[in-house]
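Okay, so here's the structure we're looking at.
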Amino acid sequence: MPALPNSHEALLKNREYLYGRLAILGPADPALMPALAGSGLVVTEHFGLWQRLSSLEGWTAAFGYDDPVLSPGCADTVVVFLAKARAEMALRLELASWLVAKGGRLILVGEKKEGISGAVKQLRALAPQAAKIDSARHCQVWQADHLQPSETFDVRQWLQWHGVESSGVRFQVAGLPGIFSAGALDAGTAMLLDSLASFPLKDGPVLDFACGAGVIGTWLQLYQRSLGEPGTQVDGVDVQSQAVICARSTYQRAGAVGTIAASDGLERVEGKYAAVLSNPPFHTGIRTDTSMTEEFLRQVAGHLEPGGELRLVANSFLPYQELIRRHVGPVSAIAGDKRFTVWSARRH
């Protein structure tokens with residue numbers, strides 16, 4: 001069996017501290033749960049990982065912070081793995097304090113290089129009695145006992161709204177901890193929106209892959225309406241729970257039309273589109289990882305109508321041009337600078 005992440009190995013080394021009903025928040029590898037030889041609740045924000053966790057015998061898998069299987073006081077021990085951002089860590093700890101039973105235990109695990117020291121400060125703000133129980137595998141393991149659980153938890157109370165403007169179109173975008181570019185319009189998406197104004201899409205339904213908070217689909221429809229056009233339906237898919245929540249909220253507030261769904265890649269996408277748009281991610285945690293986008297490029301032609309367009313913005317150093325040409329069709333750069341390139345290709 002492949003080695004587990006360091007944080008998972010550190011938890012297994014200290015499994016004697018786990019008791020009663022378990023809840024595991026933010027694991028990276030589903031192989032951890034069978035290794036614990038127990039059962040309980042496991043929570044992930046990643047849809048593909050949730051699918052794999054759902055097949056584990058004895059474990060109930062929750063997708064994100066609003067899954068209906070989550071219930072207060074359901075765990076005697078809650079294990080919290082380090083989140084990649086401080087704000088998301090605060091959200092994860094608040095969920096943990098709602099899931100834990102009165103007098104229960106919270107275990108925090110994380111690698112030193114990924115910021116466990118900052119998370120410990122957040123834990124101690126919640127539970128001043130927290131103490132370190134081990135250092136192992138370049139990780140720290142902390143424990144807090146006799147917790148007083150939170151009475152309520154609602155992820156939508158964490159929603160924050162910010163304004164976005166492009167080509168004279170302004171609207172409000174929802175944000176949650178852990179979502180890409182929360183609070184601002186990132187430069188890559190801004191370049192993609194400019195290209196949509198300069199080089200309009202042909203008529204027909206549109207898919208926004210890795211839709212994030214729903215910026216592209218919302219802007220496109222509002223921009224078309226500002227020109228006196230009816231506005232194209234834009235469906236969106238994303239692998240992250242927070243993105244799905246935010247995109248649906250953004251669409252609802254703006255009156256945008258389209259289905260927002262969770263999907264790991266294109267596996268849950270049905271039908272064909274006149275255009276597929278994307279500003280895809282290229283990080284997993286702190287590592288550069290283009291594997292999801294590369295798999296998307298291999299499959300996207302199957303979701304384009306004949307002559308349909310793929311339009312994608314990416315960091316200029318990423319090697320997507322040849323993949324797009326090979327799997328979609330003739331490709332050209334229709335906008336770009338030293339940082340970003342907008343690629344356009346038509347299906348063969």
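Details
- Rg/Rh (Cα only; Kirkwood hydrodynamic radius) as it applies to the range 241-348: 0.97
- Distance-filtered residues of the range 4-26 - backbone nitrogen under 20 Å, label point 7 angstrom along residue 133 Cα→Cβ: 5-26
- Quotient of Cα Rg and 2.2 N^0.38 Å for the chain, N being how many residues it contains: 1.07
- Relative contact order (%) - the range 45-146, alpha-carbon pairs under 8 angstrom, separation at least six: 23
- Pairs over the 31 Å Cα-Cα cut-off, from the set 272/338; 13/84; 112/338; 84/202; 84/338: 272/338; 112/338; 84/202.
- Solvent-accessible area of residue 216, all protein chains in place: 10 Å² (probe radius 1.4 Å, heavy atoms, ligands and nucleic acids excluded).
- Alpha-carbon Debye profile of the range 170-224, log10 I(q)/I(0) at 0.20, 0.23, 0.26, 0.31 Å⁻¹: -0.76, -0.99, -1.24, -1.57
- Between the range 98-119 and the range 259-277, the Cα center-to-center distance that results, in Å: 36
- Around the amide H of residue 28, modelled in the peptide plane, lies no amide H under 5 Å away from a residue 5 or more places distant or on another chain.
- Under the Karplus curve 6.51 cos²θ - 1.76 cosθ + 1.60, θ = phi - 60°, whole-Hz ³J(HN,Hα) for the range 118-127, x wherever Gly or Pro sits: x, 5, 5, 4, 5, 4, 5, 5, 7, 9
- Stretching residue 102 away from residue 52 to a fully extended chain increases their span by 14.9 nm, per 0.36 nm per residue minus the current alpha-carbon distance.
- About its Cα centre, the dipole of the range 83-140 is roughly 100 debye, where the only charges are +1 on Lys and Arg Cβ and -1 on Asp and Glu Cβ.
- For the range 295-307, the Karplus equation 6.51 cos²θ - 1.76 cosθ + 1.60, evaluated at θ = phi - 60°, returns couplings of 5, 4, 5, 5, 10, 5, 4, x, 10, 10, 5, x, x Hz by residue, with Gly and Pro reported as x.
- The chain, relative contact order [Cα under 8 Å, separation at least 6], %: 12
- Over the range 85-221 - Rg/Rh using Cα atoms and the Kirkwood inverse-distance radius: 1.14
- Protection proxy ranking, peptides 68-75, 186-193, 246-253, 30-37, average beta carbon neighbours within 10 Å, highest first: 246-253, 186-193, 30-37, 68-75
- Mean Cβ neighbour count within 10 Å, used as a protection proxy, ranking 271-278, 316-323, 206-213 highest first: 206-213, 271-278, 316-323
- Dividing the summed helix terms, -39500 (n - 2.57) for each DSSP H run of n ≥ 4, by the number of residues in the chain produces a 222 nm estimate of -8500 deg cm²/dmol to the nearest 500.
The values are calculated or read from the model by the stated rules, or taken from the named source; none is laboratory data. Small disclaimer: the values here were computed from a predicted structure and weren't measured. Please note: Cβ atoms are built from the backbone with ideal geometry, for glycine as well, and neighbour counts cover all protein chains shown. The accessibility values were calculated without ligands, DNA or RNA, using every heavy atom of the protein model including side chains. Shrake-Rupley method; radii C 1.70, N 1.55, O 1.52, S 1.80 Å.
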